[in-house]
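This report concerns only the one structure given below.
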Amino acid sequence: MTLFELNHIVRSVLENSLDEKYWVEGEFADASVGFGGHFYGEMIQKDEAGRNIVARARITCWARNYNIISLRFQKETGETLRRSLHVKLLVKVTFHEQYGYALNILDVDSSFTLGDMAKRRKEILNRLQQDGIINDNKELPLPQLLKHIAVVSSAGAAGYGDFCNQLEHNEYGLFFHHHLFPAVMQGTNVEDSIMTALAAIADEADCWDCVVIIRGGGATGDLSDFDSYPLAAAVAQMPIPVIVGIGHERDETVLDFVAHTRVKTPTAAAAFLIDNGAQQLARLDDIQNSIMQGVSLLCERQQRRIEQLTVQLTSAPRQRLLTEKHQIQMLQSRFMQSVRFMFQNAKLKLENLQARYIALDPALQLKRGYSLTYTADGRLLRSSSDMHPGDQIITRLADGTFKSKVEGVSDT
Amino acid sequence: MEEKELTYEAAMNRLEKLAREMENGDIAIDQVAAKLKEAQQLLQFCKDKLTKADEEVQKLLEE
């Protein structure tokens, strides 16, 4: 029997005894696209501890099919079919007389890989949580002034150029000192090179206000390189805030969970820094306004006080003067009144006296018919007993006198 | 010389305090001019920090 004949028997047995297709889970140990666009690789299964390989198979995928499923897979997971990726494949078992045993990929289950990546992320996050460092970087206060920026990126990346360009040409005239700590942002060296860059920054942490880790926008490379415990722990334990802009719209990495601030793209990272500066400028304007308002208020208040004092100072003496004047007037009128009263009183008394004197005037009595009688020697006669018959008497009337002789006297 | 020791955050805190004092009218009128001058210097210091290069840092970065 020839080798070909034996292989042909094996092929027939396999083809006859196996189902059309199987779902199989494993990890890509090797994956590449070869001549003609066909996909070739190797799939392995490791033991529970993840140390030893317990199963291995060659895999193939023909160009036509590969183009369809790899595009869909990339769209759904953000990942390419690459080495060390965990996958669930729909395969047809094949055996070729010349090439031997191989699994031909018919389809790939995106949700399995997504689930696996999520599971891995969750494990890393749980470990960070257990170690009590998951929030270390987040809890750092963001300095008010973000001016000295340590950038971790790859020098040639378009995202890095965009970031620098945006920082340097911001509309507020803000100035940033930024310095690149170069690192590989794609592939197997991501973990080591970023960690080396972070260590260099940490050594001179007091020179930097924050770290920015950015990767070219639009890059579709695998993100799971960033899902590493040592890298996440290094970010979490950076002594200054870390801003992450890995540049992936849909998916997130563990770095997004441990970084102080996460943004989607390098330009968003630049915008974050610029916004921060703009806010500071606005705050300064506010303070300036408050101070100017405060000063003018203070001056106004003093002005009012001075005006008030001026009024008080001038009005008090005037008031006083008025009161005094009024009092003087009052006194004057009281004085005048009492003088007037005194005069009136005196006048009244005088009139009274005059009336009394007038009543006593003998001439007035004589006019009314009364008369006075005198003796011949001129004494006024007041009693009949002083008269005797024959006495010569003189009677005085209002308009003249006459003499007569007493003939008789009686006392009635 | 003074600026070397002064940090942006310290300047900001001082400015906030000055603004509060001014607004509350806690300042004697005799001190207004001095405080205003201080505030203006601090404002300029902070604005320069945001918009101008630190020459020493620039030198270090260029090395």
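State yes or no: is B:ALA53 more than 7 Å from chain A (Cβ to nearest Cβ) and among the aliphatic types (A, V, I, L, M)?
Taking the combined requirement at face value, the residue does not satisfy it.
Among the residues of the range B:49-59, write down those that are out of contact with any strand residue (DSSP E or B) (no Cβ under 9 Å at 6 or more places or on another chain) and surrounded by fewer than 14 Cβ atoms within 10 Å (Cβ to Cβ).
Looking only at the range B:49-59, we keep the residues that are out of contact with any strand residue (DSSP E or B) (no Cβ under 9 Å at 6 or more places or on another chain), and these are B:49-52, B:55-56, B:59.
Matches in the range B:49-59: B:LYS52, B:GLU55, B:GLU56, B:LYS59.
Inspect all residues belonging to the range A:300-311 and state whether any of them is hydroxyl-bearing (Ser, Thr, Tyr) and touching a Ser or Thr at 6+ places or on another chain (Cβ under 8 Å). Break it down into steps so the answer makes sense when it comes.
First pass over the range A:300-311, keeping only residues hydroxyl-bearing (Ser, Thr, Tyr): A:310.
Okay, now just the ones that are also touching a Ser or Thr at 6+ places or on another chain (Cβ under 8 Å), so none.
Scanning the range A:300-311 turns up no residue that is hydroxyl-bearing (Ser, Thr, Tyr) and touching a Ser or Thr at 6+ places or on another chain (Cβ under 8 Å).
When the range B:1-13 is examined, which residues are found to be assigned to a helix (DSSP H, G or I), touching a helix residue (DSSP H, G or I) at 6+ places or on another chain (Cβ under 8 Å) and more than 10 Å from chain A (Cβ to nearest Cβ)? Break it down into steps so the answer makes sense when it comes.
Within the range B:1-13, the first condition is being assigned to a helix (DSSP H, G or I), and the residues that meet it are B:2-5, B:8-13.
This time we only want the ones that are touching a helix residue (DSSP H, G or I) at 6+ places or on another chain (Cβ under 8 Å), so: B:3, B:8, B:11-12.
B:GLU3, the sole residue that qualifies.
Yes or no: A:ALA150 over 30 Å from A:ALA31 (Cα atoms), outside any loop (DSSP other than H, G, I, E, B) and at pLDDT 90 or above? Spell out the reasoning first.
On the way: over 30 Å from A:ALA31 (Cα atoms): yes; outside any loop (DSSP other than H, G, I, E, B): yes; at pLDDT 90 or above: yes.
The answer is yes for A:ALA150.
Anything in the range A:143-171 that is within 14 Å of chain B (Cβ to nearest Cβ) and loosely packed, with under 15 Cβ neighbours inside 10 Å? List them, or say none.
We begin by selecting, within the range A:143-171, every residue within 14 Å of chain B (Cβ to nearest Cβ); these are A:143-151, A:164, A:167-171.
If the condition is that a residue be within 14 Å of chain B (Cβ to nearest Cβ) and loosely packed, with under 15 Cβ neighbours inside 10 Å, then A:GLU168, A:HIS169, A:GLU171 are the ones that fit.
Inspect all residues belonging to the range A:262-278 and state whether any of them is modelled with pLDDT under 90 and either within 11 Å of chain B (Cβ to nearest Cβ) or surrounded by 21 or more Cβ atoms within 10 Å (Cβ to Cβ) (or both).
Let us first name the residues in the range A:262-278 that are modelled with pLDDT under 90, namely A:264-265.
Next cut, either within 11 Å of chain B (Cβ to nearest Cβ) or surrounded by 21 or more Cβ atoms within 10 Å (Cβ to Cβ) (or both) only: A:265.
Yes, the range A:262-278 has at least one match.
Hey, could you check the range A:58-113 for residues that are small (Gly, Ala, Ser) and farther than 15 Å from A:ILE44 by Cα and say which is surrounded by the most Cβ atoms within 10 Å (Cβ to Cβ)? Write out each step before concluding.
Residues of the range A:58-113 small (Gly, Ala, Ser): A:63, A:70, A:78, A:84, A:100, A:102, A:110-111.
Imposing the further condition that a residue be farther than 15 Å from A:ILE44 by Cα reduces the set to A:63, A:70, A:78, A:100, A:110-111.
Values: A:ALA63: 14, A:SER70: 18, A:GLY78: 21, A:GLY100: 12, A:SER110: 19, A:SER111: 10.
Applying the filter and picking the extreme gives A:GLY78.
Looking only at residues that are outside any helix (DSSP H, G or I) and of a type in the set (Gly, Ala, Ser) in the range B:22-63, which one is modelled with the highest pLDDT?
B:ALA53
Any chance the range A:284-304 includes a residue that's in contact (Cβ under 8 Å) with a residue 12 or more places away in the chain and in contact with a Cys (Cβ under 8 Å, 6 or more places away or on another chain)? Spell out the reasoning first.
Step one: filter the range A:284-304 for residues in contact (Cβ under 8 Å) with a residue 12 or more places away in the chain, giving none.
No: the range A:284-304 contains no residue that is in contact (Cβ under 8 Å) with a residue 12 or more places away in the chain and in contact with a Cys (Cβ under 8 Å, 6 or more places away or on another chain).
Could you please find all residues in the range A:295-322 being of a type in the set (S, T, N, Q) and surrounded by 10 or more Cβ atoms within 10 Å (Cβ to Cβ)? Walk me through how you get there before you give the answer.
Of the range A:295-322, the ones of a type in the set (S, T, N, Q) are A:296, A:302-303, A:308, A:310, A:312, A:314-315, A:319.
Matches in the range A:295-322: A:SER296, A:GLN302, A:GLN303, A:GLN308, A:THR310, A:THR314, A:SER315, A:GLN319.
Taking into account only those residues within the range B:22-44 that are over 17 Å from A:GLN303 (Cα atoms) and at the interface with chain A (Cβ under 7 Å from one of its Cβ atoms), which is surrounded by the most Cβ atoms within 10 Å (Cβ to Cβ)?
So the residue we want is B:ALA39.
How do the pairs read when you match residues in the range B:35-47 that are among the aromatic types (Phe, Trp, Tyr) with residues anywhere that are not in a helix (DSSP H, G or I), using Cβ under 8 Å and keeping only pairs 6 or more apart or on different chains?
B:PHE45/B:LEU6
Can you tell me which residue among A:GLU42, A:GLU15, A:GLU20, A:GLU5 is within 26 Å of A:SER110 (Cβ to Cβ), of a type in the set (Asp, Glu), exposed (fewer than 14 other Cβ atoms within 10 Å of the Cβ) and out of contact with any Leu (no Cβ under 7 Å at 6 or more places or on another chain)?
Numbers: A:GLU42 fails: exposed (fewer than 14 other Cβ atoms within 10 Å of the Cβ); A:GLU15 fails: within 26 Å of A:SER110 (Cβ to Cβ); A:GLU5 fails: within 26 Å of A:SER110 (Cβ to Cβ).
From the options A:GLU42, A:GLU15, A:GLU20, A:GLU5, the qualifying one is A:GLU20.
Taking A:GLU139 as the residue in question, decide whether it is of a type in the set (Asp, Glu), surrounded by fewer than 17 Cβ atoms within 10 Å (Cβ to Cβ), at pLDDT 90 or above and not in a loop (DSSP other than H, G, I, E, B).
On the way: of a type in the set (Asp, Glu): yes; surrounded by fewer than 17 Cβ atoms within 10 Å (Cβ to Cβ): yes; at pLDDT 90 or above: yes; not in a loop (DSSP other than H, G, I, E, B): no.
Here the answer is no, as A:GLU139 does not meet what is asked.
For B:ALA19, are the conditions met, namely being modelled with pLDDT of 85 or more and either more than 12 Å from the chain's Cα centre (by Cα) or under 30 Å from A:ARG301 (Cα atoms) (or both)?
Numbers: modelled with pLDDT of 85 or more: yes; either more than 12 Å from the chain's Cα centre (by Cα) or under 30 Å from A:ARG301 (Cα atoms) (or both): yes.
Considered against the rule, which asks whether it is modelled with pLDDT of 85 or more and either more than 12 Å from the chain's Cα centre (by Cα) or under 30 Å from A:ARG301 (Cα atoms) (or both), B:ALA19 comes out as yes.
If A:ARG64 satisfies every condition in (1) in a strand (DSSP E or B); (2) out of contact with any Phe, Trp or Tyr (no Cβ under 9 Å at 6 or more places or on another chain) but one, which is the exception?
Here A:ARG64 clears every test but (1).
Just to be sure I understand, how many residues within the range A:189-217 are in contact (Cβ under 8 Å) with a residue 60 or more places away in the chain and farther than 21 Å from A:LYS138 by Cα? Don't jump to the end; show me each part of the working.
Kept after step one, since they are in contact (Cβ under 8 Å) with a residue 60 or more places away in the chain, are these residues of the range A:189-217: A:208-216.
Then drop every residue that is not farther than 21 Å from A:LYS138 by Cα, which leaves A:216.
So the count comes out to 1.
The values are calculated or read from the model by the stated rules, or taken from the named source; none is laboratory data. Nothing here was measured: the structure is a model prediction, and the numbers come from that model. Positions of Cβ are generated from backbone atoms using ideal geometry, with glycine treated the same way; all protein chains shown enter the neighbour counts.
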